[in-house]
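One structure is given below, encoded as structure tokens.
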Amino acid sequence: MRKKIKPNTAVSVGFVSLGCPKNTVDSESMLARIGQAGYILSSDIEADVVIVNTCGFIAPAKEEALDVISQAVDKKKKGRIRKIIVTGCLPQRLGDTLLEEVPEIDAVVGLGQRDTIAEIIENVLNSQKNQSKPRSFLQSSAEMIHDDRNRLLINPSHWAYLRISEGCGRKCSFCTIPAIRGKFRSKPMEMILSEARQLAEAGVIELNLVAQDTSSYGRDLGLKDGLVTLISELEKIEKLEWIRLMYLYPSAIDLPLIEAVAARPKVLRYIDMPIQHINNSILKAMHRADTKEHTINLIDTLRKRMPDVILRTTVIVGFPGETDEQFGELAEFIQWERFDALGGFSYFAESGTPAATLPNQTPDSIKQRRLDILMTTQQKIAFEKAKEMIGKEIKVLVDTAGADGFACGRYYGQAPHIDSVCIIKNTAPPPGQFIRARVIDTQDYDLIVEQIQ
């Protein structure tokens, strides 16, 4: 019998975090618990135990996860890894099927078992040598509210994601999130504020609020204008400088929220609202609550109330039944509205979703052609908007500084990881510092700036 391994022995744990910001929060929570248990943390895929925290939202995310898992399996066969544990959305979605697909995995861990990851590692390490059957830890998380305090941040220490709710109550016909993460559940406001204060005390000055549906915060708790109340309370945290709202569902963006963003100095005039499409028939088939008319009026209101607002969106091309005319309507709308940033995706028929059973599924070749057209259109818009910034003075938050005299940062119109950056020339201010800068040039999507002394 193998001697029981105690957590305080020199066992290394390599951790790979994939997927969206909500998944990043889960990764940071697990890392904190693993570190507190005494394991040696590593970002290397070669370690005693390798954990892959996965996304399972759409087919490309599953393929990315399986590729990383395959790399770990190869190293395990060569004796460079002892155990492989797969966590997150993919095990939650596939269950034991994932073990059948990749039998070399030693354990699969669902979202509901996130906070027991250290115990699971010990359990797996102490399994019998002759035990060939992998282990499943797949408790449902459909009713859980995770406490995300005391995380180990994996991004620069001056900014962080702040998750304000779990799951999703929308019924979009293409989406797997409700099946994976359960119904919409707002986190208690005091829990959120406690975490925000903790992050601020640790040096975080930019909070990026994330959820599947940020704009609906508090509605399940009976709170009127819950998100407005939350951001007003977050603004009271003295050490916070920037508060950014991500994933605002368009039909839930109302006038009180718009007025709150416009009036509050710490809340950035940055609106991230995935519209997914603009044709009313496609929106109806997607089970979206929006209409073309509402979206146009909403954008008009946002720009009138905040002329300097930055608008980001995402769209899907090739939804079942999408005609050339309906796609053309979307492309024309993108050209007309001139979003500051746009993410485009081809539709994927995900099993278990209503859209996967619809007739007239669009061929991959047509989806790719439409996506190319759309992204070429948006690229031209983004490049033009970047050049319009030349000569302007902006406030830049420094993210990284290199020994070559260059640094990178962001102004309020650039969210971390998904948007362009500011390349700071001829000086390298320390990360986490705000500087005054002037835009002097562009490099594709990015702005080239010089610090104003």
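The values are calculated or read from the model by the stated rules, or taken from the named source; none is laboratory data. The shown structure was predicted, so the numbers you read here are calculated from the model rather than taken from an experiment. Please note: Cβ atoms are built from the backbone with ideal geometry, for glycine as well, and neighbour counts cover all protein chains shown.
Applying the criterion of being in a loop (DSSP other than H, G, I, E, B) and within 29 Å of the chain's Cα centre (by Cα) to the residues of the range 388-408, the residue that is surrounded by the most Cβ atoms within 10 Å (Cβ to Cβ) is Met389. Checked against (1) in contact with a Gly (Cβ under 8 Å, 6 or more places away or on another chain); (2) under 30 Å from Thr214 (Cα atoms), Ser17 passes all but a single condition, namely (1). Within the range 346-378, being more than 24 Å from the chain's Cα centre (by Cα) and not in a helix (DSSP H, G or I) holds for Leu358, Pro359, Asn360, Gln361, Thr362, Pro363. With respect to Ile85, determine if the residue is surrounded by 24 or more Cβ atoms within 10 Å (Cβ to Cβ) and part of a helix (DSSP H, G or I). When the stated conditions are applied, Ile85 does not pass them. Only one entry of Leu240, Leu257 meets the criterion of being among the aliphatic types (A, V, I, L, M), modelled with pLDDT of 95 or more and in a helix (DSSP H, G or I), and that entry is Leu257. Among residues of the range 161-193 being part of a strand (DSSP E or B) and touching a Lys or Arg at 6+ places or on another chain (Cβ under 8 Å), the one that is surrounded by the most Cβ atoms within 10 Å (Cβ to Cβ) is Ser165. On inspection, Leu330 passes the criterion of being among the aliphatic types (A, V, I, L, M), in contact with a strand residue (DSSP E or B) (Cβ under 7 Å, 6 or more places away or on another chain), under 29 Å from Ala262 (Cα atoms) and part of a helix (DSSP H, G or I). Ile278 passes every criterion in (1) within 22 Å of Phe319 (Cα to Cα); (2) assigned to a helix (DSSP H, G or I) apart from (2). Output the number of the condition that Glu325 fails; it satisfies all remaining conditions of (1) of a type outside the set (Val, Ile, Thr); (2) within 25 Å of the chain's Cα centre (by Cα); (3) at pLDDT 95 or above. Going through the list (1) of a type outside the set (Val, Ile, Thr); (2) within 25 Å of the chain's Cα centre (by Cα); (3) at pLDDT 95 or above, Glu325 breaks only (2).
Among the residues making up the range 51-71, those that are in a helix (DSSP H, G or I), free of Cβ contacts under 8 Å to residues at least 40 places away in the same chain and not acidic (Asp, Glu) are Lys62, Leu66, Ile69, Ser70, Gln71. State which residue is surrounded by the most Cβ atoms within 10 Å (Cβ to Cβ) when the search covers only the range 333-358 and only residues that are of a type in the set (Phe, Trp, Tyr) and in contact with a strand residue (DSSP E or B) (Cβ under 6 Å, 6 or more places away or on another chain). So, considering only residues that are of a type in the set (Phe, Trp, Tyr) and in contact with a strand residue (DSSP E or B) (Cβ under 6 Å, 6 or more places away or on another chain), the one surrounded by the most Cβ atoms within 10 Å (Cβ to Cβ) is Tyr347.
Taken over the range 365-396, the residue count meeting the criterion of being within 14 Å of Ile448 (Cα to Cα) and touching a residue at least 40 places away in the same chain (Cβ under 8 Å) is 12.
All told, Gly413 falls short of being closer than 27 Å to Lys171 by Cα, in contact with a strand residue (DSSP E or B) (Cβ under 6 Å, 6 or more places away or on another chain) and surrounded by 18 or more Cβ atoms within 10 Å (Cβ to Cβ).
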